[in-house]
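Derivation of every value follows stated rules applied to the coordinates shown; laboratory data play no part. All of these numbers come straight from a predicted model, not from anything done at the bench. No Cβ is skipped: glycine too gets one built from the backbone with ideal geometry, and neighbour counts run over all protein chains shown.
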Amino acid sequence: MTAPADAREALALVTDDFAELPFAGEPSGGDGPLGWTGYDRARAAAATRSGEAESVVCGTGAVGGVRTVLVSFEFGFLGGSIGEETGARVAAAHAHAREHRLPVTVLLATGGSRMQEGMRALLQLQRLAGESARTRAAGLPQLAVLRDPTTGGGWATLGAGSDVVLALPGAQVGFAGSRVRPADADPAAYTAGSQLAHGHVDAVVRPEELRAVLGRWLGLLTRPAEGPVPPPYALGGTAPSASGREAVARARRPERPRADRYLAEVFTERAELSGDRAGGTDPGMRCGFGRLPDGRTAAYAAQCGTATRPAGFRTAARLVRLAGRLGVPVLTLIDTPGAANDAEAERAGAGPAIAELFGAVAEARVPVTSLLIGEGGSGGALALAAPGNTWATPDAYFSVIAPELATGILKRPPEEADDLADRLRPSPEDLVALGAVRGVVGARPDGAGA
């Protein structure tokens with residue numbers, strides 16, 4: 001299936017019952033606020049070619065059974081550029097969404113602000129950002145689908161400012177349009193694939209899959225669970241560890257259940273966020289929203305057993321803040337030997353990223369439940385832990401520092417690591433006695449897992 005070329009084709013790709021919203025505003029006449037010679041004729045010609053009165057079509061439609069406000073850009077109308085009337089139409093659509101408690105979905109294809117209206121057009125970016133902020137404050141989800149091209153202020157407001165950003169394959173995506181980039185700029189940097197790789201897009205979705213993917217996201221973001229998520233049952237061994245060194249060894253076993261197994265047991269379906277919106281991704285941190293067996297939604301942030309990179313901490317913080325705005329409870333799964341400590345991690349802001357996650361969890365507006373499922377290595381693990389509501393599986397440990405690193409700090413020989421593991425008291429039973437976790441979870445009573 002080819003990517004949709006115009007606004008109506010894009011709408012037909014995701015919904016079968018689009019109903020256009022009436023627009024009460026009056027289109028500006030003449031050659032616009034700058035008196036740009038020929039602007040009136042250019043608009044008339046654009047309307048004839050595209051069949052649209054402006055560069056955007058706004059209405060409502062059901063996607064995956066969820067009613068949403070839909071804002072679809074018409075690139076055939078002056079390159080989908082944003083002028084005063086574009087801003088007025090999008091503002092009216094957001095107002096309708098807030099009045100009727102509907103999510104907003106934007107199908108973008110734009111070259112940016114409309115040159116013929118000068119600063120009056122550029123100021124619409126502030127207007128769009130303000131509308132998005134008010135919709136965000138109302139607790140309503142905002143999703144964007146990036147078509148080809150999505151550049152300029154449209155990308156920097158309605159696109160990148162959305163809660164979930166999807167893109168079509170091959171779409172040109174970037175703040176700088178193709179005619180204003182440096183002559184030696186790498187064209188690959190201005191693509192949907194590049195934006196995904198650098199943490200600015202959540203997924204690249206083929207046109208034939210877009211309706212299902214968008215419907216899944218809308219369903220998950222509009223049906224929050226009530227109250228905290230119960231800690232999952234243990235999927236591994238349930239016998240207590242005899243010592244600190246045994247607890248560390250059990251948590252490090254390759255066959256121990258990892259985050260993906262726990263997520264598969266907890267949720268019937270999931271949709272994942274990708275990237276920290278600051279240029280990075282971390283495959284060792286899974287973040288997203290999932291459907292619980294009762295049909296309601298919880299969010300999750302799960303470490304996958306690797307050293308967590310700054311982008312992972314920032315992505316988790318993004319997840320916790322978004323869940324808080326939407327009223328969705330959060331489950332975190334802790335499993336890391338610690339924060340990445342290489343030079344690249346320091347240059348990427350390991351300390352600030354960890355601080356950001358500590359703050360997001362501390363300020364969370366929704367219940368957060370945490371389960372330690374493996375290694376709990378120092379602050380890099382604690383940043384994901386819910387104060388007062390962290391649990392542990394029997395095959396896990398939590399420690400102020402890894403035993404091997406402790407030998408170096410204390411100037412002990414490496415062979416004393418096991419002895420230090422015992423003295424650090426990192427086992428689940430020790431953690432309960434120390435007040436670091438609420439309890440140790442057991443297996444499901446029927447023996448079927450979590």
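A few comments on the model shown:
- Summed side-chain charge close to Leu123 - residues other than Leu123 whose Cβ falls under 14 Å, Lys, Arg +1, Asp, Glu -1: -1
- Helical segments meeting 15 Å axial Cα length and Kyte-Doolittle 0.0 threshold in the chain (DSSP H): 207-221, 310-326, 350-362
- Relative contact order of region 7-221: 18 percent, from C-alpha pairs under 8 Å at least 6 residues apart in sequence.
- If you model region 221-325 as an ellipsoid using its alpha carbon gyration tensor, with each semi-axis the square root of five times an eigenvalue, the axes come out at 26, 20, 11 Å, biggest first.
- Which of Thr60, Thr332 has the fewest Cβ neighbours within 10 Å, and the rest in rising order: Thr60, Thr332
- 10 Å beta-carbon shell around Leu322, net charge (K/R +1, D/E -1): +3
- Taking only the alpha carbons of region 244-433, we obtain Rg and Dmax values of 16.3, 54 Å in that order.
- When Rg and the Kirkwood radius Rh are both evaluated on Cα atoms of the chain, their ratio Rg/Rh stands at 1.06.
- Relative contact order computed over the chain (Cα-Cα under 8 Å; 6+ residues apart), in percent: 12 percent
- Legend: P(r) of region 7-221 from all alpha carbon pair distances, 5 Å bins from 0, whole percents, reading 1, 8, 16, 20, 21, 17, 10, 5, 2, 0.
- DSSP beta bridges confined to the chain are antiparallel in about 40 percent of cases.
- Summed residue charge, Cβ within 11 Å of Ala302's Cβ, Lys/Arg positive, Asp/Glu negative: +1
- For region 271-424, with +1 on Lys and Arg beta carbons and -1 on Asp and Glu, the positive-most of Pro413, Ala299, Gly338 along the dipole: Ala299
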